[in-house]
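Okay, structure first, notes after.
The values are calculated or read from the model by the stated rules, or taken from the named source; none is laboratory data. Here the structure is a predicted model, which means the values were calculated and not measured. Here Cβ is always computed from backbone atoms with ideal geometry, including for glycine, and neighbour counts include all displayed protein chains. What goes into the accessible areas is simple: the full protein's heavy atoms, side chains included, and nothing from ligands, DNA or RNA. Shrake-Rupley method; radii C 1.70, N 1.55, O 1.52, S 1.80 Å.
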Amino acid sequence: MASSSLGRRLAACLLNVSEAHRKDLVETVAKAALYDTEGIRRKGTAVLNIFNDQDYNRSVITIVASIDSIREAVLSACKKACGLIDMRTHIGVHPCMGAVDLIPIYPLGEEVGVEDCAKEAQAVAQGLTEQVQGTSAFLFGWADVPLERGLAQRRKEMGWFKKIPDLQAIRPDVGPQPQKRFGLTGVGASPYVMNCNVTIDTQDITIGRSIATAIRESTPGGLPGVQVLALPHEGAVEIACNVESVKGAPPSNMTAGEPWPSFSVNGQPYCHVPASLITMRVAELAGRQGVGMKGTALVGFTPHECRNLAELALTQGIAEFWKDQRRIRM
């Protein structure tokens with residue numbers, strides 16, 4: 001990633017909250033990352049994007065700041081979300097367990113290392129459970145010391161994929177037994193994870209699941225770093241992919257006519273599957289079953305876009321960047 005004095009210390013949090021129907025509520029959560037309780041703006045912090053999905057009843061808020069100050073911004077947003085979202089009344093087709101469902105912290109700058117991100121994630125988990133009584137959390141990735149278990153594994157262990165998780169059976173890493181009001185929050189750190197959702201033109205969830213299985217990293221011949229769910233979405237089926245960055249150089253046998261985005265953390269090279277390759281693979285698999293495509297959507301940005309837009313927003317002092325994003329990027 002391009003270097004600048006501002007950019008070298010940057011980190012991002014793609015905060016997942018279990019609400020999308022009330023967009024004003026989600027914006028209130030986003031603004032809590034930017035302003036303190038007296039309405040004074042936090043310097044060096046911006047919200048780049050707010051992605052709302054009505055069927056999923058889930059929103060993703062992209063918060064960027066220096067690694068030295070991201071904890072305060074993220075904690076403030078989480079506390080606001082916990083005060084406004086009640087999991088006892090939540091309805092949505094996307095699996096979730098918490099009012100604040102996921103708090104991942106990613107390095108954007110060259111001077112932000114594994115230990116920095118792990119430390120901040122652990123501090124956010126501790127701060128949330130101390131400052132909002134009744135909240136609880138599990139750790140993943142670099143924050144899950146010493147095992148460093150991935151998000152997919154930890155979610156499976158916690159019962160996140162079940163339709164009705166058994167909160168009483170869960171043993172959180174931080175905080176008390178999960179309560180229905182707040183649920184359970186995943187907090188962790190890792191190399192950047194991109195979200196790529198491909199919609200196929202069918203309502204047959206069985207076809208979607210077969211495609212998800214085929215492209216999943218754990219399947220022989222699957223795509224590296226890709227974790228997948230097939231979900232009903234707006235009268236069709238969405239192949240919802242978490243695209244994790246993987247260590248090392250891109251494999252030479254997997255391309256879709258464009259290079260794999262790459263970057264480094266602590267001097268170690270990472271790369272991730274491009275959205276075009278995911279789309280191509282899904283289209284091929286769907287086509288074999290006589291199913292067409294409806295489109296591909298990226299939730300947020302690639303790592304390079306996130307870094308570049310963070311520098312732009314912070315240099316120009318645009319805290320609520322999501323409001324100006326389309327105008328600025330066109």
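Taking one quarter of the surface of the convex hull spanned by the alpha-carbon atoms of segment 79-192 gives a direction-averaged projected area of 7.0 nm².
Cβ-Cβ distance of LYS43 and GLU258, R₀ of 41 Å, FRET efficiency by 1/(1 + (r/R0)^6): the value works out to about 0.65. Under a straight-distance cross-link criterion of Cα-Cα below 28 Å, which lysines are reachable from LYS247, leaving out those fewer than 8 residues away in the same chain? Result set, ordered by chain and number: LYS119, LYS156.
Counting pairs of alpha carbon atoms under 8 Å apart in space and at least six apart in sequence, what relative contact order in percent does segment 76-142 give?
Across segment 76-142, relative contact order equals 29 percent.
In this simple spin-label model, placing a label point 7 Å from the Cα along the Cα-to-Cβ direction at both LYS162 and MET280 gives a separation of 4.1 nm. Dividing the convex hull volume of the alpha-carbon atoms in segment 193-299 by its residue count gives 94 Å³ per residue. Expressed as a whole percent, the accessible surface of segment 1-84 that belongs to carbon and sulfur atoms is 47, based on a 1.4 Å probe. In this view, the solvent-accessible surface of TRP322, computed with a 1.4 Å probe and all protein chains in place, comes to about 30 Å².
Volume of the convex hull of segment 21-68 (Cα atoms only), normalised per residue: 72 Å³.
May I ask what percent, to the nearest 5, of DSSP beta bridges between residues of the chain are antiparallel?
Roughly 85 percent of the DSSP beta bridges within the chain come out antiparallel.
With protein chains left intact and a 1.4 Å probe, residues in segment 193-299 average 44 Å² of accessible area per residue.
A 1.4 Å probe, protein heavy atoms only, puts the accessible area of MET87 near 30 Å².
When the Gaussian network model of the chain links Cα atoms closer than 10 Å, the mean-square fluctuations of GLY208, GLY113, GLY287 top out at GLY287. Sorted largest first by accessible area at a 1.4 angstrom probe radius, with every protein chain in place, the residues CYS96, CYS117 fall in the order CYS96, CYS117. On full extension, the segment bounded by GLU130 and VAL145 gains 3.4 nm, given 0.36 nm per residue less the C-alpha separation. Over the chain, the pair-distance histogram of Cα-Cα distances with 20 Å bins from zero comes to 33, 61, 6 percent, rounded to whole numbers.
How high is the relative contact order of the chain, given as a whole-number percent (alpha carbon pairs under 8 Å, six or more residues apart)?
Working: 728 pairs, mean separation 63.3, N = 330.
The value is 19 percent.
The alpha-carbon of LYS323 sits under 26 angstrom from the alpha-carbons of these lysines, leaving out residues fewer than 8 places away in its chain: LYS23, LYS31, LYS43, LYS79, LYS80.
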